[in-house]
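Before any comments, here is the structure.
FYI, it's all coordinate maths here, none of it is from the lab. Note that this is a predicted model, so its numbers are computed, not measured. Neighbour counts are summed over all protein chains in view; Cβ atoms, including those assigned to glycine, are modelled from backbone coordinates with ideal geometry.
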Amino acid sequence: MASIALRNALKRSLSGRLAPCLGIRLRELPQTKGCCRSTERSNSTARKAVQEAAKIPRERNRNFSIIAHVDHGKSTLCDRLLQTCGVLPPNAPDQFLDGLEVERARGITVKAQTCSLLVTSETDGQNYLLNLIDTPGHVDFSYEVSRSLQACQGAVLLCDAVQGIQAQTVSTFHQAFEADLEVLCAISKVDLEHAQKEEVKRQLSVLTGVATEQVVEVSGKTGTGVQDLLQAIIQRVPPPPGSSTLPFKALLFDAKYDSRRGMVLYVAVQDGELKKGSKIFCSYSRRTHLATDIGFLYPDLSSTETIQSGQIGFVVVGAKDIRSFRVGETVFAEGGEKTGEPFPGFRPAQPMVYAGIFPEAVGDGEKLETAMQRLLLTDASVEAKRDISPVLGAGFRCGFLGLLHLDVFRQRLTSEYGVDVLATNPTVPYRLTLANGKEVVVEHAGDFPSPPQMPPKEVQEPLVTATIVCPRELTSNVQQLCVERRGEELSVEPLDNSGERVMMTWRWVGPCGTQ
């Protein structure tokens, strides 16, 4: 009797976490069943929404990206868009689309992420399929932005209502402008006390030519203006071009490797439709693959029977050789490559800094090679070639868009693929013209010819064209700093009618003013 009483007392007093450690089975709480039913209802709702989205014609599709300077509230706004459209529950974690460990650790967006939304138009009452691509804001990941814009017809240029236009705001706008996209302007954080809404609207109007009354006020924190932004996207972003009667043709704008499924290709469909179980032809590898699964991202991979003209979705192929795919290539239906013209592809990225990547453990060379192949598929802006160091052994010589890009790449190798690596000090390449007229490119300091053995006849270093945005009262100080650093001023222009903020363009030149 004493043991029974003791057992009952323990069951009442011990927490659910300690009870299993003592071998005691506690009564299942009734809330667990409710959670299961809630999850089933959520999954059922998502399936119905995806099935409905698959039936929406191209004329009611809208493909758009959100572009902004870093820390201007872009990821928070994406969360509110997804919650407003019912894709995410209200209690979903912040920055939901930032799924990489390095993104959550650093609080920045590194990879462009895609999600489909269903929105009802207030004008005609019909449902529209909006395909959102959330892009990074830091300049080191600008290639992700340019690549994503190729799959869109519109872009939301987001600007902080407190900070105003920043350098990357200007850069991303010019990228969208060169891609011939419809640009919608919005200002974020309008709920803050120090928001300068009218002033920032004027700045955006001067930069983009969009009227101030067309600039949408939004708050990712409170959800203010989110519905207005969705309706503006429906009304102003044009539907994607293409034809539903032509053979299937799509742009491969991103990809990832799944250890269980194989290759997952993210595609923007221009023509025709693709059914599950059909065969596709990739223009780069000239190989045919079986589409084992297709569908939308809502926000996870959600299967459908078809994807069609104007839609952005995914295609799963069972291929294990990731070297057979290249971001920017064209995906045809089997046989469609004979009559269809491939897309021109993406403009290659221009690396700014170079560094060596080597495994910490000598035996991890093969593991590093596999990880590099998979990571290079998702980050096509990295330039890599094999390298051998007399001290560190076999590794890779990689080109990156900046120091942050290098650090994030190294961290992803460790966190996502479990390879501990060493990165050498970053350098920039120099082009030398030797005394005998031969041209060589030097990436290692040790390879630079030292006088008097073979002094180079000419040395060319990389040039930088930079856009600087600053208050008017700091203009003279910034100009003096640039001159001291061998800069050459190209242009100076105000960002608003009052001239309180100035945008300057500078180019850094060689030691004697040579280009």
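Worth pointing out:
- Along each principal axis, taking the top coordinate minus the bottom one, the Cα set of the chain gives 96, 62, 62 Å in descending order.
- When only the Cβ of Lys, Arg, Asp and Glu is charged (+1, +1, -1, -1), the dipole of the chain relative to its Cα centre reaches about 2180 debye.
- Under 15 Å from the THR292 label point (7 Å along Cα→beta-carbon), backbone N, segment 247-278: 256-265, 276-278
- Cα lying deepest toward the dipole's positive end in segment 55-236, options VAL102, GLY125, ILE56, charges on Cβ: ILE56
- Each of GLU369, GLU458 was scored by other Cβ atoms within 10 Å of its Cβ. Arranged with the fewest first, they read GLU458, GLU369.
- Fewest-first ranking of TYR298, TYR257, using other Cβ atoms within 10 Å as the exposure measure: TYR257, TYR298
- Full extension of the segment from SER243 to THR222, taken as 0.36 nm per residue of separation minus the current Cα-Cα distance, would add 3.6 nm.
- Taking every alpha-carbon pair under 8 Å whose residues sit at least 6 apart, the chain reaches a relative contact order of 11 percent.
- Ordering ARG261, ARG147, ARG60 from the fewest to the most neighbouring beta carbons within 10 Å gives ARG261, ARG60, ARG147.
- Separation in nanometres of the label points that stand 7 Å from Cα toward Cβ, at ARG486 and SER171: 2.1
- Of THR467, GLN153, SER243, farthest towards positive along the dipole that unit charges on Lys, Arg, Asp, Glu beta carbons give the chain: SER243
- On full extension, the segment bounded by CYS470 and ASN91 gains 132.6 nm, given 0.36 nm per residue less the C-alpha separation.
- Extended-chain gain in nm, criterion 0.36 nm per residue less alpha-carbon gap, TRP508 and VAL441: 22.1 nm
- The chain - mean residue ellipticity at 222 nm from DSSP helices (-39,500 (n - 2.57) per run, n ≥ 4, rounded to 500): -8000 deg cm²/dmol
- Applying 1/(1 + (r/R0)^6) with R0 = 35 Å to the Cβ-Cβ distance of LYS197 and THR123 gives a FRET efficiency near 0.85.
- Among complete DSSP H helices in the chain, those whose alpha-carbon atoms stretch at least 18 Å along the helix's long axis and whose mean Kyte-Doolittle hydropathy reaches -1.0 are 365-378, 403-417.
- Ranked by the mean number of other Cβ atoms within 10 Å of their residues, highest first, the peptides 150-157, 173-180, 302-309 come out as 150-157, 302-309, 173-180.
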